[in-house]
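The values are calculated or read from the model by the stated rules, or taken from the named source; none is laboratory data. A quick note: this is a predicted structure, and the numbers were derived from the prediction, not measured. Just so you know, the surface numbers come from the protein's heavy atoms only, side chains and all, with ligands and any DNA or RNA stripped out. Shrake-Rupley method; radii C 1.70, N 1.55, O 1.52, S 1.80 Å.
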Amino acid sequence: MNIKNIKQAGGGYFMADDNEHEAGRIVYDYSGHDKFIITHTEVVPEWEGRGIGKQLVMACVNFARENNLKIIPMCSFAREVFIRTPEIRDVLYS
């Protein structure tokens, strides 16, 4: 599974693909210069249950760590991953 960061004005999205088809994406918007908001996570139905959503959240976490950013998880799925995964809370905006 490949995960790519597609940057757009004011934000972007991470897309998971299997070299042929999109399996899922997580959308983010910047909020100032030091944080971004995860607004939506979506996994294509045939890829559900394979951990794609969590891989997308982890891509956001890695991006935040590499760029000294914090994350606001407005998306309910992303928020739940932060609740269940204490070791990634270092990038959680408080």
**Q.** Gain upon complete extension [residue 2, residue 44; 0.36 nm per residue less C-alpha separation]
**A.** 13.6 nm
Q | Spread of Cα-to-Cα distances over 10 Å intervals beginning at zero, given as percent, for the chain | A | 17, 54, 26, 3
Q: Could you tell me the accessible area of residue 21 in Å² (1.4 Å probe, neighbours in place), rounded to the nearest ten?
A: 110 Å²
Q. What figure in square angstrom, to the nearest 10, would you give for the accessible area of residue 1 with a 1.4 Å probe?
A. 90 Å²
Q: Compute the relative contact order of the chain as a whole-number percentage, counting only Cα pairs closer than 8 Å that sit 6 or more residues apart in sequence.
A: 22 percent
Q: Quote to one decimal, in nm, the extra length available between residue 33 and residue 90 on full extension: 0.36 nm per residue of separation minus the C-alpha distance between them.
A: 18.8 nm
Q. Taking the Cα centre of each part, how many Å lie between the range 47-92 and the range 1-33?
A. 13 Å
